[in-house]
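J.: Encoded as structure tokens, here's the structure I'll be asking about.
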Amino acid sequence: MPDAPAEAIRTAFSASADPARAARELAEALESPALGFVLFFCSADYPLAALGEALEAAFAPVPLAGCTTAGEITPEGYGRGCIVAIGFDRPDFAIACARVEDLEGFALPRAQRLVDGLLADCRRQAPPEGARPFVLTLLDGLSSSEEQVLATLEAALGGIASFGGSAGDDNRLHHTHVYADGAFHSASAVVVMVTSRRPFEVFTTHHLRPRREKLVVTAVDRARRRVLELNAAPAAEEYARLVGRPVTALDAGVFARHPLAVRIGEGHYVRSIQGVDDDGGLRFYCAVEKGIVLTAMRPAPMLEELDDVLADLARRLGPASLVLGCDCFLRRLELEADGRLADASRLLARARVVGFNTYGEQHQGMHINQTFTGVAIATGD
């Protein structure tokens, strides 16, 4: 069901596995004569070509963008195997979208042309006086190109606030997709510029605290985001020693509870482990360079931390019309292991959070892990 018919931001979701029915349910819920843009996040279990065709047929000529997920955040909380969508109305929002192909060749001149084009497109839509922009980036979560694309785009944005998430595929780590130009694409990124006069704030938060233990990266396979040695020892063995588990017991649950982070300035930015290779190396979701120092981290209460952050945003901005959230799938795994998924869903629904579980988050040009990153958009009342 939509949030409220009169609201310029409406959210809806469908649990139907049939693409045509799911698209029809979303279109009925988001219907508005002023509808200007639709953003969606969907399970990779859908037949994607059929879903794309159904969505285009249901919403044409309204433009759409989205991606596949490692879990959805619906208006009722966490979902699985469904599709969630957000409808933005004119004139409250002027929104432009562009797809990036050839991620490895994304250089600054291309990035500047892309940003200039998005700004011009938003201006043509006559946004309300006093409107300002933010940017959402959606990237193929298995492209290994996030760092380059984000750093290049950040240089072109010139201070425009940006955030985003890497597409998932329901934790299978095989194929992830972004959606733009009427179809799903791999090895691509989607850049969405949203311009509004409503109060909003881009933010990121995590619930992890540094421990004393440090690990130095002493050998890497940079191209494949593999760490071969930590402290001059086989990487998996050294990490297993740190967390007090045998190498054979290392899995996503252990990685979620015992993350590693790099310190930049006063902040710690998590570099999440994806898996263990047969040669004893560790695969990471983010790029990890030789010589960096990784700090062992410990989890603090996740939901209490998130509740405080969302409450503080509401105090400063006013009541939220929408919190668009990119929530790392490892956080969700931790909540599932702790039996707190229902508690988390109630918190997310109460705070009007809609979004998806990611294979990595993006904030101001940085590729990060195990965070809740997003934008809070106030009602403006």
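The values are calculated or read from the model by the stated rules, or taken from the named source; none is laboratory data. It should be emphasised that the depicted structure is a prediction, and the values quoted were computed from it without experimental measurement. Positions of Cβ are backbone-derived with ideal geometry, glycine not excepted, and every protein chain shown enters the neighbour counts. Ligands, DNA and RNA are excluded from the accessible area calculation, which covers all protein heavy atoms including side chains. Shrake-Rupley method; radii C 1.70, N 1.55, O 1.52, S 1.80 Å.
J.: Rounded to whole Hz and in sequence order, give me ³J(HN,Hα) for segment 29-43 from the Karplus expression 6.51 cos²θ - 1.76 cosθ + 1.60, θ = phi - 60°, writing x for Gly and Pro.
T.: Per-residue couplings from phi come out as 6, 9, 4, 6, x, 9, 4, x, 6, 10, 10, 9, 9, 9, 5 Hz.
J.: Kirkwood Rh, segment 121-219, all Cα pairs: how many Å?
T.: 16.3 Å
J.: Next question, about the same structure. Using θ = phi - 60° and the Karplus relation 6.51 cos²θ - 1.76 cosθ + 1.60, list the HN-Hα couplings for segment 134-139 in order, rounded to whole Hz, with x at every Gly or Pro.
T.: 9, 10, 10, 10, 10, 10
J.: How big, in percent, is the set of alpha carbon pairs in segment 1-140 lying more than 27 Å apart?
T.: The share of Cα pairs beyond 27 Å in segment 1-140 comes to 25 percent.
J.: Then there is this: Amide H of R211: which non-local residues (sequence gap of 5 or more, or other chain) have their own amide H closer than 5 Å, using H built in the peptide plane?
T.: Under 5 Å from the amide H of R211 lie the amide H atoms of A296, M297, R298, each far enough along the sequence or on another chain.
J.: What does the helix-only formula give at 222 nm for the chain: each DSSP H stretch with n ≥ 4 adding -39500 (n - 2.57), the total divided by the residues, and the result rounded to the nearest 500 deg cm²/dmol?
T.: Computed ellipticity for the chain at 222 nm equals -8500 deg cm²/dmol.
J.: Please label the shape of segment 225-381 as rounded, prolate or oblate, based on the square roots a ≥ b ≥ c of the eigenvalues of the alpha-carbon gyration tensor (a/c under 1.5 means rounded; beyond that, a/b larger than b/c means prolate, else oblate).
T.: prolate
J.: Also, quick follow-up: What number, in percent, do you get for the relative contact order of segment 174-252 if the mean sequence gap of Cα pairs under 8 Å and at least 6 apart is divided by its residue count?
T.: 12 percent
J.: If you don't mind, there's one more thing I want to ask. For E266 paired with Q125, estimate the spin-label separation in nm (one decimal), with each label point 7 Å from Cα along the Cα-to-Cβ line.
T.: Going from the E266 label point to the Q125 one covers 3.6 nm.
J.: Expressed in nm to one decimal, what extension gain is obtained for the pair V293 and R211 from 0.36 nm per residue of sequence separation less their Cα-Cα distance?
T.: Once the chain is fully extended between V293 and R211, it gains 28.2 nm.
J.: Would you please give the residues with an amide H less than 5 Å from that of R132, counting only those at least 5 places away or on a separate chain, with H modeled from the backbone geometry?
T.: S196, R197
J.: Rounded to the nearest 0.05, what FRET efficiency do D338 and T248 have when you use their Cβ-Cβ distance and R0 = 22 Å?
T.: Efficiency, rounded to the nearest 0.05: 0.40.
J.: Would you mind pulling out the separation of the Cα centroids of segment 179-232 and segment 112-133, in Å?
T.: Cα centroid of segment 179-232 versus Cα centroid of segment 112-133: 26 Å apart.
J.: Any chance you could give the angle, 0 to 90 degrees and rounded to 10, that helix 302-317 forms with the longest Cα principal axis of the chain?
T.: Roughly 40 degrees, rounded to the nearest 10.
J.: I would also like to ask the following. Please name whichever of L55, L118, L108 sits farthest to the positive end of the charge dipole of segment 53-119, dipole taken about the Cα centre and charges placed at Cβ: Lys and Arg +1, Asp and Glu -1.
T.: L108
J.: Next question. Determine ³J(HN,Hα), in whole Hz, for all residues of segment 144-155 in sequence, where each value follows from phi through the Karplus function 6.51 cos²θ - 1.76 cosθ + 1.60 and θ = phi - 60°; x replaces Gly and Pro.
T.: Using θ = phi - 60°, the values come out as 6, 10, 4, 4, 5, 4, 5, 5, 5, 4, 4, 5 Hz.
J.: Once amide H atoms are built 1.01 Å from N in the peptide plane, which residues 5 or more positions from Q274, or in another chain, come under 5 Å H to H?
T.: Excluding prolines and chain starts, which carry no amide H, the hits are R283, F284, Y285.
J.: Please list 37-43, 210-216, 334-340, 139-145 highest first by mean number of surrounding beta-carbon atoms within 10 Å per residue.
T.: For the peptides 37-43, 210-216, 334-340, 139-145, the packing ranking is 37-43, 139-145, 334-340, 210-216.
J.: Take every Cα pair under 8 Å in segment 302-379 that's 6+ residues apart, average their separations, divide by the length, and report that relative contact order as a whole percent.
T.: Once normalised by length, the contact order is 46 percent.
J.: At 1.4 Å probe size, with the rest of the protein present, what percent of the exposed accessible area of segment 237-361 is carbon and sulfur atoms?
T.: Heavy-atom surface of segment 237-361 belonging to carbon and sulfur, 1.4 Å probe: 50 percent.
J.: In 10 Å bins starting at zero, report the fraction of Cα pairs in the chain per bin as a rounded %.
T.: Reading the bins upward from 0: 5, 25, 34, 24, 9, 2, 0.
J.: Right, here's the next one. Segment 36-112: percent of C-alpha pairs farther apart than 18 Å?
T.: I get 53 percent for the Cα pairs in segment 36-112 exceeding 18 Å.
J.: Using Cα pairs under 8 angstrom and six or more residues apart, how large is the relative contact order of segment 1-104, in percent?
T.: Value for segment 1-104: 38 percent.
J.: If you don't mind, there's one more thing I want to ask. How many nm separate the modelled label positions at D308 and A60, each set 7 Å beyond the Cα in the direction of the Cβ?
T.: Result for the modelled spin labels: 5.1 nm.
J.: Let me ask another. Determine how many Å³ per residue the convex hull of the Cα atoms of segment 295-360 encloses.
T.: 104 Å³
J.: On to the next question. Indicate the gyration tensor shape class of segment 80-156 (rounded, prolate or oblate), computed on the Cα atoms with a ≥ b ≥ c the square roots of the eigenvalues: a/c under 1.5 is rounded; otherwise a/b larger than b/c is prolate and the rest oblate.
T.: Since a/c reaches 1.5 but b/c is at least a/b, the shape of segment 80-156 is classed as oblate.
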